[in-house]
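Here the structure comes first, spelled out in C-alpha coordinates, and everything after it is commentary.
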Amino acid sequence: MALFTWDSSLSVNIGEIDEQHKKLVTMVNDLFEAMKAGKGSQVMGKVLADLTTYTKTHFATEERLMKGNSYPHYLAHKKEHDDLIAQVDDLYTKFQAGQMVLSTSVGNFLKGWLVNHIKGTDMKYKPFLNQKGVK
Ligand code: FEO
(Lines give C-alpha, C1' and ligand atoms only; values in the text may rest on other atoms or scores of the structure.)
Protein backbone atom coordinates (compact mmCIF):
# COMPACT_ATOMS: atom_id res chain seq x y z
CA MET A 1 0.00 0.00 0.00
CA ALA A 2 1.26 3.46 -0.87
CA LEU A 3 2.44 5.63 1.98
CA PHE A 4 0.37 8.56 0.85
CA THR A 5 -1.21 10.04 -2.23
CA TRP A 6 -1.28 13.45 -3.86
CA ASP A 7 -4.68 15.13 -3.89
CA SER A 8 -6.04 18.56 -4.76
CA SER A 9 -5.49 19.81 -1.19
CA LEU A 10 -1.79 19.87 -2.15
CA SER A 11 -2.30 21.85 -5.37
CA VAL A 12 -0.67 25.28 -5.67
CA ASN A 13 -2.40 25.78 -9.03
CA ILE A 14 0.93 26.00 -10.86
CA GLY A 15 1.27 23.12 -13.34
CA GLU A 16 5.05 22.69 -13.18
CA ILE A 17 5.11 22.76 -9.37
CA ASP A 18 2.14 20.42 -8.95
CA GLU A 19 3.84 17.90 -11.26
CA GLN A 20 7.06 18.13 -9.24
CA HIS A 21 5.19 17.68 -5.97
CA LYS A 22 3.44 14.61 -7.41
CA LYS A 23 6.79 13.17 -8.39
CA LEU A 24 8.20 13.82 -4.90
CA VAL A 25 5.20 12.04 -3.35
CA THR A 26 5.85 9.07 -5.66
CA MET A 27 9.54 9.05 -4.79
CA VAL A 28 8.89 9.08 -1.03
CA ASN A 29 6.44 6.20 -1.57
CA ASP A 30 9.11 4.34 -3.57
CA LEU A 31 11.55 4.76 -0.70
CA PHE A 32 8.98 3.48 1.78
CA GLU A 33 8.09 0.51 -0.44
CA ALA A 34 11.77 -0.36 -0.92
CA MET A 35 12.22 -0.38 2.87
CA LYS A 36 9.17 -2.57 3.40
CA ALA A 37 10.38 -4.99 0.72
CA GLY A 38 13.74 -5.23 2.48
CA LYS A 39 15.69 -4.07 -0.58
CA GLY A 40 19.45 -4.07 -0.32
CA SER A 41 21.49 -1.02 0.56
CA GLN A 42 22.52 -0.48 -3.07
CA VAL A 43 18.88 -0.12 -4.18
CA MET A 44 17.99 1.94 -1.12
CA GLY A 45 20.97 4.21 -1.65
CA LYS A 46 19.93 4.86 -5.25
CA VAL A 47 16.34 5.66 -4.26
CA LEU A 48 17.55 8.05 -1.56
CA ALA A 49 20.08 9.67 -3.90
CA ASP A 50 17.43 10.17 -6.60
CA LEU A 51 15.05 11.69 -4.05
CA THR A 52 17.75 14.05 -2.80
CA THR A 53 18.65 15.16 -6.32
CA TYR A 54 15.05 15.70 -7.35
CA THR A 55 14.27 17.62 -4.17
CA LYS A 56 17.08 20.03 -5.04
CA THR A 57 15.74 20.39 -8.58
CA HIS A 58 12.27 21.13 -7.23
CA PHE A 59 13.49 23.68 -4.69
CA ALA A 60 15.50 25.46 -7.41
CA THR A 61 12.36 25.70 -9.57
CA GLU A 62 10.31 27.21 -6.75
CA GLU A 63 13.08 29.59 -5.75
CA ARG A 64 13.42 30.81 -9.36
CA LEU A 65 9.67 31.53 -9.53
CA MET A 66 9.58 33.21 -6.11
CA LYS A 67 12.67 35.33 -6.66
CA GLY A 68 11.74 36.18 -10.27
CA ASN A 69 8.39 37.50 -9.05
CA SER A 70 9.76 39.34 -6.00
CA TYR A 71 7.87 37.14 -3.53
CA PRO A 72 8.20 38.94 -0.18
CA HIS A 73 8.74 35.76 1.89
CA TYR A 74 11.38 34.33 -0.41
CA LEU A 75 14.24 34.27 2.12
CA ALA A 76 12.24 32.53 4.88
CA HIS A 77 10.98 29.97 2.36
CA LYS A 78 14.47 29.36 0.99
CA LYS A 79 15.75 28.80 4.53
CA GLU A 80 13.27 25.94 5.00
CA HIS A 81 14.52 24.43 1.74
CA ASP A 82 18.16 24.82 2.76
CA ASP A 83 17.48 23.24 6.17
CA LEU A 84 15.82 20.19 4.63
CA ILE A 85 18.58 19.75 2.05
CA ALA A 86 21.15 19.83 4.86
CA GLN A 87 19.18 17.16 6.76
CA VAL A 88 18.74 14.93 3.71
CA ASP A 89 22.41 15.29 2.72
CA ASP A 90 23.32 14.31 6.27
CA LEU A 91 21.02 11.26 6.12
CA TYR A 92 22.57 10.20 2.83
CA THR A 93 26.13 10.65 4.09
CA LYS A 94 25.41 8.61 7.21
CA PHE A 95 23.65 5.94 5.16
CA GLN A 96 26.59 5.68 2.74
CA ALA A 97 29.01 5.44 5.67
CA GLY A 98 26.99 2.60 7.19
CA GLN A 99 26.19 4.74 10.23
CA MET A 100 22.45 4.69 9.67
CA VAL A 101 19.83 2.18 8.58
CA LEU A 102 16.90 3.49 6.59
CA SER A 103 13.75 2.81 8.56
CA THR A 104 10.10 3.68 8.36
CA SER A 105 10.80 6.62 10.65
CA VAL A 106 12.91 8.13 7.84
CA GLY A 107 10.01 7.63 5.41
CA ASN A 108 7.59 9.14 7.93
CA PHE A 109 9.92 12.09 8.50
CA LEU A 110 10.10 12.80 4.75
CA LYS A 111 6.36 12.35 4.30
CA GLY A 112 5.60 14.65 7.23
CA TRP A 113 8.06 17.27 6.07
CA LEU A 114 6.70 17.23 2.50
CA VAL A 115 3.04 17.48 3.50
CA ASN A 116 3.63 20.13 6.16
CA HIS A 117 5.87 22.19 3.91
CA ILE A 118 3.49 22.12 0.94
CA LYS A 119 0.41 22.83 3.05
CA GLY A 120 2.04 25.30 5.41
CA THR A 121 4.68 27.11 3.37
CA ASP A 122 4.18 26.50 -0.35
CA MET A 123 0.49 27.41 0.00
CA LYS A 124 1.52 30.90 1.12
CA TYR A 125 2.96 31.76 -2.30
CA LYS A 126 -0.02 30.25 -4.15
CA PRO A 127 -2.26 33.39 -4.21
CA PHE A 128 0.74 35.70 -4.72
CA LEU A 129 2.17 33.84 -7.71
CA ASN A 130 -1.22 32.98 -9.16
CA GLN A 131 -2.10 36.67 -9.08
CA LYS A 132 1.13 37.37 -10.96
CA GLY A 133 -0.09 35.01 -13.68
CA VAL A 134 2.12 32.06 -12.68
CA LYS A 135 -0.04 28.98 -13.25
FE1 FEO B 1 7.48 22.63 -2.83
FE2 FEO B 1 8.86 24.87 -1.04
O3 FEO B 1 8.77 23.17 -1.71
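The values are calculated or read from the model by the stated rules, or taken from the named source; none is laboratory data. Owing to the predicted nature of the structure, the values given are computational and were not obtained by experimental measurement. Positions of Cβ are generated from backbone atoms using ideal geometry, with glycine treated the same way; all protein chains shown enter the neighbour counts.
Couple of notes before you dig in:
- Residues satisfying the stated conditions in segment 1-23, i.e. charged (D, E, K, R) and within 14 Å of the ligand (Cβ to nearest atom): 16, 18, 19, 22, 23
- Pick from segment 24-53, criterion under 22 Å from residue 78 (Cα atoms) and loosely packed, with under 15 Cβ neighbours inside 10 Å, ranking: farthest from the ligand (Cβ to nearest atom): 49
- Every residue from segment 1-36 that is aliphatic (A, V, I, L, M) and within 17 Å of residue 108 (Cβ to Cβ): 1, 2, 3, 24, 25, 27, 28, 31, 34, 35
- Residues of segment 114-133 satisfying the condition of being more than 10 Å from the ligand (Cβ to nearest atom), within 30 Å of residue 45 (Cα to Cα) and surrounded by 14 or more Cβ atoms within 10 Å (Cβ to Cβ): 115
- Residue under evaluation residue 22, criteria (1) farther than 16 Å from residue 134 by Cβ; (2) not in a helix (DSSP H, G or I), criterion not met: (2)
- Checking residue 62 against (1) away from the ligand (no atom under 11 Å from the Cβ); (2) within 13 Å of the chain's Cα centre (by Cα), the condition it does not meet: (1)
- Any chance residue 97 is within 14 Å of the ligand (Cβ to nearest atom), exposed (fewer than 14 other Cβ atoms within 10 Å of the Cβ) and of a type in the set (A, V, I, L, M): no
- For segment 84-91, the criterion of being more than 11 Å from the ligand (Cβ to nearest atom), more than 19 Å from residue 9 (Cα to Cα) and buried (at least 16 other Cβ atoms within 10 Å of the Cβ) is met by at least one residue.
- Taking residues in segment 69-82 that are closer than 14 Å to residue 126 by Cβ and β-branched (Val, Ile, Thr), and partners anywhere that are at pLDDT below 95 and within 11 Å of the ligand (Cβ to nearest atom), not one pair has Cβ atoms closer than 7 Å while being at least 6 places apart or on different chains.
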